[in-house]
Amino acid sequence: MRPLSKAICASLIFILIIVSTSVFGDQNSKAAKLNELMELSGMVKIMEKARNKNKVQALQYKQQVMKQFEQNFNIDDPKVWKYFESEYQKFIASLEPKWSSEEAVQKYADLYGSRMTEEEIDKVLEFEKSEVGKKSTAVSNEVVPLWLDYLTKESDAQFSEGLQKFAANLKSFIAEKNKKQKIQKELQK
């Protein structure tokens, strides 16, 4: 290879290394800024509330469900209530979202970051740190849970389906238990 060609190749390789290092450095800088923006916006807290919505709702209904079963089946057997508790815990576990709060926030940051330049993110951060930005974040944090409730009507269907499955399992258990008791009484005669 000629000396001039070697020099050009070496220069191109050097330029490519510098550009890729700069791009990688810019990506790290941008990612750090996106993380700061997610923190300032309270996004983790918002996602945690969204993540726990069904479980909180299920726990709120537990006493009501217990009273309904108590009234409908006149239950006083501790084994039934032990089974009830076991099935209720399965029901609660079935409501666990497939995503963590951190994963949801990271996905949001990735989507947001792919549509914003680092310079734009700098401006958003500057706004978020201003008084009106802080107020905007506070209002958003107050409104977003209400908005998510509106948007998550599907989770109500999931909750209802899970509750029906739970009730059917418990009803089946009670019927089976009563059937066994009836057979035992007949055998004892």
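The values are calculated or read from the model by the stated rules, or taken from the named source; none is laboratory data. Since the model is a prediction, treat every value here as computed from it, not as a measurement. As a convention, Cβ positions derive from the backbone with ideal geometry for all residues, glycine included, and neighbour counts pool all protein chains shown. SASA here: full protein model, heavy atoms, side chains in, ligands and nucleic acids out. Shrake-Rupley method; radii C 1.70, N 1.55, O 1.52, S 1.80 Å.
Overview of values
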item	result
Only one of Lys45, Lys53, Lys107, Lys49 that is assigned to a helix (DSSP H, G or I) and either closer than 30 Å to Lys180 by Cα or at pLDDT 85 or above (or both)	Lys107
Flag for Trp81 being aromatic (Phe, Trp, Tyr), in a loop (DSSP other than H, G, I, E, B) and assigned by the TED database to the domain that holds Lys45	no
Members of region 61-74 that are part of a helix (DSSP H, G or I) and more than 13 Å from Phe91 (Cα to Cα)	Gln63, Gln64, Met66, Lys67, Gln68, Phe69, Glu70, Gln71, Asn72, Phe73
Residue in region 138-153 that is modelled with pLDDT under 90 and either over 25 Å from the mean Cα position of the chain (by Cα) or not in a helix (DSSP H, G or I) (or both) present	yes
Residue ID - farthest from the chain's Cα centre (by Cα), chosen from residues in region 57-98 that are open to solvent by less than 90 Å² (accessible area, probe 1.4 Å) and of a type in the set (A, V, I, L, M)	Ile75
Residue count for region 92-123, restricted to those that are in contact with a Phe, Trp or Tyr (Cβ under 9 Å, 6 or more places away or on another chain) and under 15 Å from Ala31 (Cβ atoms)	2
Boolean, Lys134 is within 21 Å of Met38 (Cβ to Cβ) and surrounded by 11 or more Cβ atoms within 10 Å (Cβ to Cβ)	yes
Residue within region 99-106 that is open to solvent by 60 Å² or more (accessible area, probe 1.4 Å), without any contact (Cβ under 8 Å) to a residue 60 or more places away in the chain and within 23 Å of Ser136 (Cβ to Cβ) present	yes
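Table: residues versus (1) of a type in the set (Gly, Ala, Ser); (2) open to solvent by 100 Å² or more (accessible area, probe 1.4 Å).
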position: Asp110; (1), (2): no, no
position: Glu142; (1), (2): no, yes
position: Ala168; (1), (2): yes, no
position: Lys179; (1), (2): no, yes
